[in-house]
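The values are calculated or read from the model by the stated rules, or taken from the named source; none is laboratory data. Treat the numbers as computed from the prediction; the structure is a model and nothing was measured. Cβ atoms come from the backbone with ideal geometry, glycine included; neighbour counts cover every protein chain shown.
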Amino acid sequence: MLLFFTAFPFAWMIATAFKRSHEIFTTPPTLLPESLTLENVARLFEQTRFAVYLGNSVLVATCTVLVTLAIATPAAYALTRFRFRGREAISATVLFTYMFAPIMVIIPFYVLMRTLELTNTRAGLVLAYTAFCLPFALWLLRTFFQSIPLDLEEAALVDGASRPRAVLHVVLPLALPGVVATGTFTFILAWNDYIFARVLLAADELKTLPVGIADLYNASVVDWGMIMSAGMLVLLPVLAVFVFIQKYLVAGWGSGGIKG
């Protein structure tokens with residue numbers, strides 16, 4: 001029953017995306033279209049800048065994942081492998097900063113980006129997403145690194161490997177499921193964000209999908225077929241990512257719950 005209530009809105013959205021305009025408002029409503037049509041998808045690309053928004057979202061989300069992992073991975077490794085004063089305080093502070101909702105920090109972010117002249121730029125949006133996703137990524141990766149036995153790395157060091165080589169050939173392959181899982185959730189956070197993109201971007205050619213789709217409601221006549229098509233196409237990249245890395249996610253959650 002819970003699966004039905006969860007999946008039904010998505011099924012209705014996909015079915016509506018393939019209905020003709022007159023079918024969408026028929027009474028009583030029907031779930032399955034009488035005849036499948038791609039006219040809603042075609043109009044979406046012809047009458048809007050959906051392709052531009054899609055490219056912006058892919059670029060921004062991908063860059064956010066790369067920058068976040070590049071910072072969070074070595075930081076999480078350092079928090080689990082090196083002993084220094086204040087290590088646990090830093091970990092607790094990182095988790096504490098993730099508890100703030102985006103709406104609470106959006107104004108300081110905008111002031112900072114305007115001071116740095118990064119408003120209305122993709123780089124500024126990537127930096128904002130990275131700052132928002134970094135605490136979550138760091139905390140999650142810290143858990144995965146803690147699950148890797150320290151003895152394996154020490155054995156490599158005893159055999160003559162340098163620390164960078166031991167990390168590259170011993171630690172990272174074992175932590176790969178966790179890195180992939182963290183990258184996936186970072187991608188989803190950046191892909192679905194609306195607040196930062198709405199506040200930091202003004203130019204239409206820079207808008208991401210959440211903002212671009214929301215602007216479809218500003219028309220005098222709401223085209224539900226076009227909006228449902230946009231929603232369906234937004235889900236496809238996320239579903240593709242999950243299907244592609246499903247085995248890494250399962251392995252990642254399993255390894256993150258075991259301490260060696």
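Does A181 satisfy the criteria of being within 23 Å of the chain's Cα centre (by Cα), of a type outside the set (S, T, Y) and farther than 30 Å from A15 by Cβ?
Against the criterion (within 23 Å of the chain's Cα centre (by Cα), of a type outside the set (S, T, Y) and farther than 30 Å from A15 by Cβ), A181 qualifies.
Among the residues of the stretch 71-95, those that are loosely packed, with under 15 Cβ neighbours inside 10 Å and more than 12 Å from L138 (Cα to Cα) comprise F82, R83, F84, R85, G86, R87, E88, A89.
Restricted to the stretch 147-166, and to residues there that are within 31 Å of the chain's Cα centre (by Cα) and surrounded by fewer than 18 Cβ atoms within 10 Å (Cβ to Cβ), the residue that is nearest to R83 (Cα to Cα) is L150. Restricting to the stretch 3-20, what's the tally of residues that are exposed (fewer than 14 other Cβ atoms within 10 Å of the Cβ) and more than 25 Å from the chain's Cα centre (by Cα)? Qualifying residue count for the region: 1. For the stretch 195-234, how many residues meet the condition of being over 22 Å from I14 (Cβ atoms), hydrophobic (A, V, I, L, M, F, W, C) and crowded, with 20+ Cβ neighbours inside 10 Å? The total comes to 5. Of all residues in the stretch 1-47, those being farther than 20 Å from A230 by Cβ and among the polar types (S, T, N, Q) number 5.
Regarding R114, is this residue part of a helix (DSSP H, G or I), more than 24 Å from I188 (Cβ to Cβ) and modelled with pLDDT under 90? So R114 does not fit the description; no. Here V105 clears all of (1) part of a loop (DSSP other than H, G, I, E, B); (2) surrounded by fewer than 18 Cβ atoms within 10 Å (Cβ to Cβ) except the condition numbered (1). Within the stretch 31-40, can you find the residues that are of a type in the set (S, T, N, Q) and surrounded by 12 or more Cβ atoms within 10 Å (Cβ to Cβ)? Once the filter is applied, which keeps residues that are of a type in the set (S, T, N, Q) and surrounded by 12 or more Cβ atoms within 10 Å (Cβ to Cβ), the stretch 31-40 yields T37, N40. Does any residue of the stretch 113-128 turn out to be closer than 27 Å to E88 by Cα and either aromatic (F, W, Y) or surrounded by 13 or more Cβ atoms within 10 Å (Cβ to Cβ) (or both)? Yes, the conditions are met somewhere in the stretch 113-128. Selection within the stretch 49-60: residues that are crowded, with 18+ Cβ neighbours inside 10 Å and either among the aromatic types (F, W, Y) or in a loop (DSSP other than H, G, I, E, B) (or both). The member of this set that is nearest to the chain's Cα centre (by Cα) is Y53. Filter the stretch 191-239 down to residues that are free of Cβ contacts under 8 Å to residues at least 12 places away in the same chain and of a type in the set (V, I, T) and give me whichever is farthest from F18 (Cα to Cα). Once the filter is applied, the top-ranked residue is V221. Each residue in the stretch 208-233 was checked for being within 30 Å of E117 (Cα to Cα) and within 16 Å of the chain's Cα centre (by Cα), and 4 of them qualify. Only helices (runs of 4 or more DSSP H) whose full extent lies in the stretch 118-196 are considered here, and the ones with at least 1 residues that are within 15 Å of A70 (Cα to Cα), polar (S, T, N, Q) and touching a Gly at 6+ places or on another chain (Cβ under 9 Å) are 172-192. For the stretch 67-89, a tally of residues being part of a helix (DSSP H, G or I), more than 16 Å from F145 (Cα to Cα) and either modelled with pLDDT under 90 or over 18 Å from the mean Cα position of the chain (by Cα) (or both) returns 1.
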